[in-house]
Amino acid sequence: MINPMQQVVVAGRQSDSRAIMQALQQAGVLHIVPLEAQGFQSGPLAGAAADQRRDAERLLARSESTLGELEALRPDRAAALPDESQWSALVEAAAKPASALMERETELRTELDTARTYGDTVTALSRAAGTLDRSTRVTLIPLTVEKSEELAAAQDALKGELGDRFAIGTERIGQQSTAVVVAVLRADRDRARAALGKARLGELRLPGRFERLPLSEIATAFGTISKNNPQELERVRAEKSALASQHAATLFPIRDALADRVGIDDARAQTARGKYGFVLQGFVPTDRVPALQGALEPYKASAMMELHPVNEHGDSGAIPVQLKNGGYTENFEFMLNISDPPKYGTFDPSWVVAWFFPLFFGFIVADIGFGLLYLAVALWGLARAARGVSLPVGLLGITLDPATLKRVGVVLRTMGLWSILWGVLTGEFFGNVFEKLHVFFYNPDLIRNLWGVNLSPTTLNTIVEEGHNKGLFPILFPRVLSDFSNTIMLICIAVGVIFVLWSWALKAQLTWKHKHMHHFWEAVGMLGGLVGLIMVAYVSRAGQDFGALSNFGNPLVLLMLVGFVIFVIGLIASKTPLMLIEVLSNGGNIISFTRLFAVGVAAAILANLATDVGWSLGKVLPIIGPLLGIVLGIIVHSFLFVLTILGHIMQPIRLVWVEYLNPTGFYQETGTRYAPFAPVARK
């Protein structure tokens, strides 16, 4: 749900503004918004306050860069904040050696990268040059070519420009490139370079100090660098680690205090200020008003606060939004953070995602074995989060902190449990392993009694031939049987009907609440049109009997007509002719829910195939056959799992994010995320 907000106005004496702001910052509950008032100053601070801010920003930048250079981690126990008069000296005590170590590390890494990049090339060039690189009369022009035609073009260009006053030495570099050294008199150097340029060949220039050294000296230097620099880098890193251990416990409190001071100045810049007083405005969650009142209690003689109800029917986009959900639903909120939060006064769909995304995912996977894999990964992640250990995800280039890892673990755990539950109903364990082991079996009479589905003689014969008619537990939801396909399809379409009608009904309710009558009539019209289309499909049996639509004695036909009348009324009242196309598009959204059937059954068939391949191999070869069958089955299952996992996750997300949330206007009317004015250490 969206946490209710109160609008706040605080006025106080200018002389107490910094102290009051500091109290509000420590409370950490007020979302401040800029305020402009006639006759009052607003915007950035000026005068002595601006000078103090610049000094704080300068020292803050110095402390942050030092912590970054040292790659320091926040210690579990920070030291007490030193006296302010010592901040600059303490920062500089760490900053100067940290900067020197950073420069040394950069130099060592640059040289090592250069040696690794050009080492083989320079070695080959040095061999090709012989002793000419030390001559005082001859200049060497090094380059590399990949094709013999390039070398021939270089020779022709040089001969045309210099005649016979040049020499070329070559040496292979691996299998693809050739090192080439062109020796010319110093007086002919520029003409030789111009000739090579005409042949579209450029001189090899090495970076930094290596540019002017002889090739033999460069090759020797590269050998020394490759040998010594890794050890030197380890030493520098050790010194950085020691320096970080020495200063981090002091630098972090100083950095936080400076950041809080700059934050206070930023907050003061959002107030309306006069010579003797100031006024600020903001928003506070209703359940956090006591904390705000407690923060201002010591200043009741010099400051006053007023609370006002927010107007969610006006410009509610300016009202910050804080989501407040239960422990389970809260873990799914991050899945909606790809967009701005919902507009204040609308609705929070977190609970819809929390309940239906894992349900739909489990419906698609519906396999005990795969569900156990998800559950194992989730429990491992939750255990890691409980120990306070982050998880780097190299594939995505991100690191999950323990709090985020806990939420992801809860989501995966729920997905795994739903997969196991649906797997029990479908009788699937890595495909049909449990059917082959006679743990689950098909009971045609039970299927007929539960679902009204009569299995065909062909299906019955196949079940008997494969021995899947005997076992311990009957399969209650036989999704892989072709005779059951229509039943699953109808179930998915029914879910689509519920979700699409629900989304438009929700839009009608919200637009009526805010008196947005244009969108209200659009939503009402779409509801009527969709009900009409659904009745057309149902009464005509998906187009097989259109004559049934003329039977006005059928109440469903009357409901169809009422739905279309409401659609026409909504079309006219909303003045939205595109509703004629949109109603058909939303009919397609209902059909989109059959993705649950298509993707799930396809995955089940592939899993059965993987099991059948391994099982068949186990029967062909004696003794070693079962082992090879298990290995092959695991390999095929793993391949199919990687191949299909993205679709298993994306399809349920799409159904909730697109088919359900789009009609509600969730993405069209977004709000401002609640960002309370709080100390850096608590953000």
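The values are calculated or read from the model by the stated rules, or taken from the named source; none is laboratory data. All figures in this text were calculated on a predicted structure; none of them were measured in a lab. Cβ atoms come from the backbone with ideal geometry, glycine included; neighbour counts cover every protein chain shown. Surface accessibility is based on the protein's heavy atoms, side chains included, excluding ligands, DNA and RNA. Shrake-Rupley method; radii C 1.70, N 1.55, O 1.52, S 1.80 Å.
At a Cα cut-off below 29 Å, give the lysines reachable from K300, other chains included and same-chain residues fewer than 8 away excluded.
Filter leaves K275, K683.
Which one of P75, V631, T110 is farthest out on the positive end of the charge dipole of the chain, using unit charges on Cβ (Lys, Arg +1; Asp, Glu -1) and the Cα centre as origin?
T110
Excluding same-chain residues fewer than 8 positions from K227, which aspartates and glutamates have a Cα within less than 14 Å of its Cα?
Straight-distance partners of K227: E111, D113.
Please report the spacing between the Cα centers of segment 541-609 and segment 1-64 in Å, no decimals.
Result: 55 Å between the Cα centres.
What do you reckon, how do H648, H516, H313 stack up by accessible area (1.4 Å probe), largest on top?
H313, H516, H648
For the chain, calculate the relative contact order in percent as a whole number, restricting contacts to Cα pairs under 8 Å that are 6 or more residues apart.
19 percent
Using 18 Å as the Cα-Cα cut-off, could you pick out the over-long pairs in K159/K198; K515/K575; K343/K575; K436/K470?
Over 18 Å apart, Cα to Cα: K343/K575.
I'd like the distance between the alpha-carbon centres of segment 407-471 and segment 204-220, rounded to an integer number of Å.
Using only Cα atoms, the two centres lie 71 Å from each other.
What size of dipole, in debye to the nearest 20, comes out for the chain about its Cα centre when the only charges are +1 on Lys and Arg C-beta atoms and -1 on Asp and Glu C-beta atoms?
Dipole size: approximately 580 debye.
Going highest first, how would you order 353-366, 664-677, 438-451 by mean Cβ packing within 10 Å?
By packing density, highest mean first, the sequence is 353-366, 664-677, 438-451.
Could you rank K513, K198, K343 by how accessible they are, 1.4 Å probe, largest area first?
Putting K513, K198, K343 in descending order of accessible area: K198, K513, K343.
Taking Cα pairs under 8 Å and at least six residues apart, what relative contact order does segment 276-416 come out at, in percent?
Relative contact order for segment 276-416 comes out at 20 percent.
If the viscosity is 0.692 mPa s and the temperature 37 °C, what Stokes-Einstein diffusion coefficient in µm²/s follows for segment 127-201 when Rh is the Kirkwood radius over Cα pairs?
265 µm²/s
Using the Cα centre of segment 467-554 as origin and beta-carbon charges of +1 (Lys, Arg) and -1 (Asp, Glu), tell me which of G529, H514, G543 is placed farthest towards the positive end of the dipole.
H514
Quick one: P(r) of segment 162-272 from all Cα-Cα pairs, 10 Å bins, percents rounded to integers, in order of increasing distance.
Per 10 Å bin, starting at zero, the Cα-Cα P(r) for segment 162-272 comes out as 10, 21, 19, 12, 13, 14, 10, 2, 0 percent.
With the other protein chains left in place, how much accessible area per residue, in square angstrom, belongs to segment 73-121 at a 1.4 angstrom probe?
On a per-residue basis, 66 Å².
With the full set of protein chains in place, find how many percent of the accessible area of the chain is carbon and sulfur; take the probe as 1.4 Å.
60 percent
Ordering I398, I630 by how much accessible area each has at a 1.4 Å probe, largest first, what is the list?
Sorted by accessible area, descending: I630, I398.
Dipole magnitude of segment 495-607 about its Cα centre, charges +1 at Lys/Arg Cβ and -1 at Asp/Glu Cβ only, in debye to the nearest 20?
260 debye
Considering only P349, G371, V411, whose Cα is most displaced toward the positive end of the charge dipole of segment 338-441, charges sitting on Cβ of Lys, Arg (+1) and Asp, Glu (-1)?
Of the listed residues, the answer is V411.
Any idea what the dipole of segment 35-101 comes to, in debye rounded to 20, about its Cα centre with Lys/Arg Cβ at +1 and Asp/Glu Cβ at -1?
The calculated dipole for segment 35-101 is roughly 60 debye.
Per-residue accessible area for E330 at 1.4 Å probe radius, Å² rounded to 10?
About 80 Å², rounded to the nearest 10.
M526 accessible area, nearest 10 Å², 1.4 Å probe?
0 Å²
Before rounding to the nearest 500, sum -39500 (n - 2.57) across all DSSP H runs of length at least 4 in the chain and divide by the residue total; then give [θ] at 222 nm in deg cm²/dmol.
-20000 deg cm²/dmol
Viscosity 1.002 mPa s, temperature 20 °C: give me the Stokes-Einstein translational D for the chain in µm²/s, with Rh taken as the Kirkwood radius over C-alpha pairs.
It comes out at roughly 65 µm²/s.
Have a look at the DSSP beta bridges in the chain and tell me what percent are antiparallel, nearest 5.
DSSP beta bridges in the chain are roughly 90 percent antiparallel.
Given H placed 1.01 Å from N in the peptide plane, which residues other than close sequence neighbours of G277 have an amide H under 5 Å from its amide H?
So G277 has HN proximity to Q14.
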